Amino acid sequence: GQLDGATQQGAAPRELTAEEQQAGEFATRVLATTEEVWGKRFPTDFGKTYRPPTLVLYSGVTQSPCGGASGATGPFYCPADKKAYLDTDFFATMAKKLGAKGDFAAAYVIAHEVAHHVQNELGIIPQVNKARQGASEVQANALTVRLELQADCLSGVWASDVGGLLEPGDIEEALNAAR
C-alpha cells in the first residue's frame, strides 16, 4: 500500500512535526502488517489477489470522494477511492481523550479501517449500500452496525495473525479503542 500526505485544504505544504513524522512511520509499519496478513489470506481464503489500500495522513481537514473530514471525524475509509484517512493528531487524541493508550490500540484502529477496505474488496460494502437504499432508517442503521462489527472481527483476524507482536495489556488497549 501507499502512504499519501495531505494538508489542510488550500494550505501550503509544511514541514512535518516530529509527532507527525512518528505517526506516519508508525502507520506505515502497521499498514505493512495488514498487507502481509491480507496478502496471504486473500488467495487462500477467497481465491483473489489482495490489492492494499492507500493510507492518507492529513492534518486539520481533508477532502475525499466520500466528503470532507476533520480530526473530529476520526479515521475513516472511503470506498470510492480505496483510501483510509487518518489525522496525524489522532494518536494523541486517542491517548488523551479516549483513554486508549498504547501502540496496539492505535494499530487496531488502522487495522479496522483496512478491514473496511477488505470488505470493499470482497464486495460486502456495495452489497450493504444497496440493501440500505430500500431499508427503513432503523434497518439501515442495523446494517451499518453489522458492517462495523464485521470490520472489528476482521481486525481480530489481523491481530491473531500478528499475534507474536502482542504484549500483555494489548487486547485491553484494543477493546478501549473499539468502544
Q | Residues of segment 71-89 satisfying the condition of being of a type in the set (A, V, I, L, M), outside any loop (DSSP other than H, G, I, E, B) and surrounded by fewer than 20 Cβ atoms within 10 Å (Cβ to Cβ) | A | A72
Q: Determine the pairs where a residue that is more than 17 Å from F26 (Cα to Cα) and in contact (Cβ under 8 Å) with a residue 24 or more places away in the chain, located within segment 66-91, has a partner that is hydrophobic (A, V, I, L, M, F, W, C) and part of a helix (DSSP H, G or I) with Cβ atoms under 6 Å apart, the partner being 6 or more residues away or on another chain.
A: P79/I125
**Q.** Sole residue being of a type outside the set (A, V, I, L, M), in contact with a Leu (Cβ under 9 Å, 6 or more places away or on another chain) and surrounded by 22 or more Cβ atoms within 10 Å (Cβ to Cβ), chosen from F46, F104
**A.** F104
Q.
So P65 passes all but one of these: (1) at pLDDT 90 or above; (2) under 14 Å from the mean Cα position of the chain (by Cα). Which condition number does it fail?
A. (2)
Q: Filter segment 125-150 down to residues that are surrounded by 16 or more Cβ atoms within 10 Å (Cβ to Cβ) and β-branched (V, I, T) and give me whichever is nearest to T34 (Cα to Cα).
A: I125
Q) How many residues does segment 51-70 hold that are surrounded by 18 or more Cβ atoms within 10 Å (Cβ to Cβ) and not in a strand (DSSP E or B)? A) 3
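Step by step: first the residues of segment 1-10, then only those that are surrounded by 11 or more Cβ atoms within 10 Å (Cβ to Cβ) and modelled with pLDDT under 50, then the one that is nearest to the chain's Cα centre (by Cα). Which residue is that? Please lay out each step first, then the result.
Start the filter on segment 1-10 by keeping residues that are surrounded by 11 or more Cβ atoms within 10 Å (Cβ to Cβ), which leaves 1-9.
Applying the additional criterion that residues be modelled with pLDDT under 50 yields 3, 6-9.
Numbers: L3: 13, A6: 16, T7: 19, Q8: 20, Q9: 22 Å.
Applying the filter and picking the extreme gives L3.
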(Q) If I ask for residues that are surrounded by fewer than 15 Cβ atoms within 10 Å (Cβ to Cβ) and more than 15 Å from V114 (Cβ to Cβ), which ones from segment 12-43 would you list? (A) A12, P13, R14, E15, T17, A18, E19, Q21, Q22, E25, P43
Q: Given the conditions (1) within 23 Å of D161 (Cα to Cα); (2) without any contact (Cβ under 8 Å) to a residue 60 or more places away in the chain, report the number of the one that F46 does not fulfil.
A: (2)
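The values are calculated or read from the model by the stated rules, or taken from the named source; none is laboratory data. These numbers come from a predicted model, not from an experiment. Positions of Cβ are generated from backbone atoms using ideal geometry, with glycine treated the same way; all protein chains shown enter the neighbour counts.
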